[in-house]
Amino acid sequence: MGPRLGVLGWPVRHSRSPAIQNAALAAVGLAEWRYQLLPVPPILFSETVRALPGAGFRGANVTIPHKEAALALADDATASARAIGAANTLTFDRDGAIHADNTDAPGLIATLPFDAAGRSALVLGAGGSARAAVWALLEAGTREVRVWNRSPERARALCAELGGIPVLDAEPADLLVNCTSSGLDTSRPMFNSLPLGADDVTKYKCVVDLVYTKWDTPLVSAARANAIPTVDGLEMLIAQGALSFERFTGEPAPTELMRAAVRRG
């Protein structure tokens with residue numbers, strides 16, 4: 001069996017990372033490598049990750065709800081991952097050492113349709129993805145980053161660590177970034193758990209939704225219906241996934257092929 005890679009999450013069955021990463025591996029001549037789903041509940045996360053190097057894994061992506069835990073168990077981490085307080089990419093040495101990085105932050109900035117410098121933003125959520133978004137936007141020179149979370153104390157804690165302004169309502173801004181899991185469960189109305197309704201998307205000049213499903217999320221659909229530029233979860237997946245691929249393999253990521261693979265899926 002060749003080297004292995006995977007994506008750690010709970011749930012993770014919806015992930016399209018295997019489709020894009022396996023297509024990329026084949027395209028660069030690493031056909032013996034395999035990328036797979038790794039569904040792991042939080043209580044088993046640390047134990048599972050520490051066992052991966054011995055099972056032939058070279059690295060793993062990390063998604064909800066494990067990004068902060070991934071950083072905590074790493075033996076070392078990039079400066080950006082430490083500053084953010086969360087990791088979405090783990091690589092493993094042959095001796096089992098775990099290295100943490102965060103490709104969500106540069107991935108977000110790369111997908112925006114305009115320069116974030118001098119702009120205003122509202123970030124929804126306070127987990128690992130939200131931490132990366134807030135840090136990335138502030139590093140990119142965003143003039144004001146507001147943060148909303150269903151638990152206001154979590155938004156206040158995030159802003160105290162990283163910067164930003166905790167808010168209780170969805171105020172107008174140039175950029176809206178949804179970092180919550182709302183929209184992932186298609187059986188539940190998305191807007192019921194967000195501080196805005198479908199008509200409120202007109203308060204923003206660009207809408208970014210990190211969630212992806214088989215169809216557009218209601219948030220992305222509402223934005224597109226109003227001709228508002230959007231960055232959907234699949235574009236974010238490609239952007240951060242391409243950077244992770246390069247960390248895992250040392251090879252340039254075939255980004256267009258990855259985009260074609262994920263859109264087919």
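The values are calculated or read from the model by the stated rules, or taken from the named source; none is laboratory data. What you see is a predicted model, and the numbers here were worked out from it, not measured in a lab. Reconstructed Cβ throughout: ideal geometry from the backbone, glycine too, with neighbour counts over all protein chains shown.
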Those strands (runs of 3 or more DSSP E) lying entirely in the stretch 86-195 with at least 1 residues within 17 Å of the chain's Cα centre (by Cα) and not aliphatic (A, V, I, L, M): 89-92, 98-101, 173-178
Considering only residues that are of a type in the set (Gly, Ala, Ser) and within 18 Å of Lys67 (Cα to Cα), look in the stretch 147-178 and name the one that is surrounded by the fewest Cβ atoms within 10 Å (Cβ to Cβ). Ala157
Subset tally (residues that are in a helix (DSSP H, G or I) and among the basic types (Lys, Arg)) for the stretch 1-58: 1
Just a yes or no: is a residue in the stretch 118-126 modelled with pLDDT of 95 or more and under 21 Å from Asp75 (Cα atoms)? no
Filter the stretch 56-91 down to the residues that are more than 18 Å from Gly9 (Cα to Cα) and either basic (Lys, Arg) or touching a residue at least 40 places away in the same chain (Cβ under 8 Å) (or both) and list them by number. Gly56, Ser80, Arg82, Ala83, Ile84
Among the residues that make up the stretch 199-220, is at least one of them closer than 18 Å to Leu184 by Cα, of a type outside the set (Ser, Thr, Tyr), free of Cβ contacts under 8 Å to residues at least 24 places away in the same chain and buried (at least 21 other Cβ atoms within 10 Å of the Cβ)? yes
Are any of the residues in the stretch 202-219 charged (D, E, K, R), in contact with a helix residue (DSSP H, G or I) (Cβ under 7 Å, 6 or more places away or on another chain) and at pLDDT 95 or above? yes
Restricting the stretch 41-64 to residues that are among the β-branched types (Val, Ile, Thr) and more than 19 Å from Asn102 (Cβ to Cβ), the one surrounded by the fewest Cβ atoms within 10 Å (Cβ to Cβ) turns out to be Ile43
From the list Leu25, Leu108, exactly one residue is surrounded by 21 or more Cβ atoms within 10 Å (Cβ to Cβ), in contact with an Asp or Glu (Cβ under 9 Å, 6 or more places away or on another chain) and under 27 Å from Lys214 (Cα atoms). Which is it? Leu25
When you go through (1) under 21 Å from Thr89 (Cβ atoms); (2) polar (S, T, N, Q); (3) crowded, with 21+ Cβ neighbours inside 10 Å; (4) assigned by TED's automatic domain parsing to the domain that holds Leu137 one by one for Ser181, which number turns out not to apply? (3)
